[in-house]
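See below for the structure under consideration.
The values are calculated or read from the model by the stated rules, or taken from the named source; none is laboratory data. Bear in mind that the values here come from a model prediction, so they are computed numbers and not experimental data. Here the Cβ positions follow ideal geometry from the backbone for every residue, glycine too, while neighbour counts run over all protein chains shown. Each accessible area value is taken on the protein alone, full model and side chains, heavy atoms only, with ligands, DNA and RNA left out. Shrake-Rupley method; radii C 1.70, N 1.55, O 1.52, S 1.80 Å.
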Amino acid sequence: MTSPALELRGVHKSYDEGRIEALRGVDIAITPGEFVAITGPSGSGKSTLLHMLGGLDSPTSGEVLFKNAALGTSVDLDTYRSQDVGFIFQAFHLLPTLCAIDNVQLPMISTNCKRNDRLARAKNLLEEMGLSQRMMHYPNQLSAGERQRVAIARALANDPEILLADEPTGNLDSVNSAHIMEILIGIQKKRGMTLVIVTHELEIAHMANRHIRFRDGRVEA
């Protein structure tokens, strides 16, 4: 039996000294190369769940595991976030003072990757995203769809095994949303990556291998 790429075991997450329970005993196992969509109403805990999977936040109790090793103890969080997992956000989070190719290079600066190699990899990723003519443009010179494609290229910079996307089409029109999903699914299949997407859109959820529904901090049966 294949070991999970990611797993949550009895994960609870509370805030405000326990008065707010974002996650209430979550158990989820995600296999390598699986495309999982997570849906649920606002405040259901789905973004908190994604932050747990990405090592951006730690559980109040329970464990988050990457390849059967616990994040934060057996797995160094800085190494995990920089090398093993890539993030895509609704708001893009590109640095406005850097052009596209420099934004894509950012995650590689903390690695041993040489400058020329960083530049070549960023160039190749932007070409893969169909942005060969936009590499020197700044975020405010790009459309929303182009900015999200730059953000995808940045998420792939260190060749992670896992791609986590929080409402990646939330700021896009229907045409750009379809294009971004085509890119993400193509990347997932081509690279054999594990892809987890949090979304409000059922149309996107139906594209996934598995659809997990969240409500009140729990997985719905």
Using all alpha carbons of the range 139-211, what is the percent of pairwise distances in each 5 Å bin, ordered from the shortest bin to the longest? 3, 15, 29, 27, 17, 7, 1, 0
To the nearest Å², the heavy-atom accessible area per residue of the chain with 1.4 Å probe amounts to 49
Among bridges DSSP assigns within the range 1-127, what percent are antiparallel (round to 5)? 95
Let me check I've understood the local charge: for residue 128, count other residues with C-beta under 12 angstrom from its C-beta, Lys and Arg +1, Asp and Glu -1. What total comes out? +4
Bin width 10 Å, origin at 0, all Cα-Cα pairs of the range 72-201: what percent of pairs per bin? 13, 46, 34, 7, 0
Debye equation applied to the C-alpha atoms of the chain, log10 I(q)/I(0) at 0.18 Å⁻¹: -1.34
Return the lysines within reach of residue 114: Cα separation strictly under 19 angstrom, same-chain partners fewer than 8 residues apart disregarded; answer none if there are no such residues. 123
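Where does each of 99, 113 land when they are ordered by accessible area, with a 1.4 Å probe and the largest first?
Working: 99 5, 113 40 Å².
Descending accessible area places them as 113, 99.
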Would you kindly find the accessible area of residue 154, with a 1.4 Å probe and non-protein molecules such as ligands, DNA and RNA excluded, rounding to the nearest 10 Å²? 40
So what's the net charge close to residue 217: Lys and Arg +1, Asp and Glu -1, counting the other residues with Cβ under 15 Å from its Cβ? +1
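Rounding to the nearest 20 debye, state how big the charge dipole of the chain is about its Cα centre with +1 on each Lys and Arg Cβ and -1 on each Asp and Glu Cβ.
Using only the charged Cβ atoms, the result is roughly 420 debye.
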Label residue 79 and residue 15 with points 7 Å out from Cα along Cα→Cβ: what is the distance between them in nm? 3.1
Using a 1.4 Å probe on the protein heavy atoms only, what accessible surface does residue 207 show? Give it in Å² to the nearest 10. 80
Which of the lysines could be linked to residue 13 by a straight reach, that is with a Cα gap under 24 Å, when you skip same-chain ones fewer than 8 residues away? 46, 67
For residue 71, enumerate residues with amide H under 5 Å from its amide H, sequence gap 5+ or separate chain, H modeled in the peptide plane. 64, 65, 66
In terms of Cα to Cα distance under 15 Å, which aspartates and glutamates are near enough to residue 189, apart from those fewer than 8 places away along the same chain? 34, 128, 159, 161
Long-range amide H partners of residue 214, meaning residues 5 or more apart or on another chain whose placed amide H is closer than 5 Å, are 39, 40, 220
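Please arrange 173, 102 by accessible surface area, largest first, computed with a 1.4 Å probe and ligands excluded. Each step should come with its number before you reach the end.
Values: 173 85, 102 60 Å².
Output order, biggest surface exposure first: 173, 102.
With all protein chains present, how much of the accessible area of the range 59-216 (probe radius 1.4 Å) comes from carbon and sulfur, to the nearest whole percent? Display every interim value, and only then the final one.
Values: 3700 of 7780 Å².
Result for the range 59-216: 48 percent of the exposed heavy-atom area is carbon or sulfur.
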If the only charges are +1 at each Lys and Arg Cβ and -1 at each Asp and Glu Cβ, what is the size of the charge dipole of the range 1-40 around the Cα centre, to the nearest 20 debye? 40
Counting only DSSP beta bridges with both residues in the chain, tell me the antiparallel percent, nearest 5. 45
From the phi angles alone, apply the Karplus equation (6.51, -1.76, 1.60; θ = phi - 60°) to the range 207-215 and give each ³J(HN,Hα) in whole Hz, x where the residue is Gly or Pro. 7, 6, 5, 9, 10, 9, 9, 10, 7
Surface accessible to a 1.4 Å probe, residue 58 within the full protein complex, Å²: 60
Could you please put 48, 97, 169 in sequence from largest to smallest accessible area, using a 1.4 Å probe? 97, 48, 169
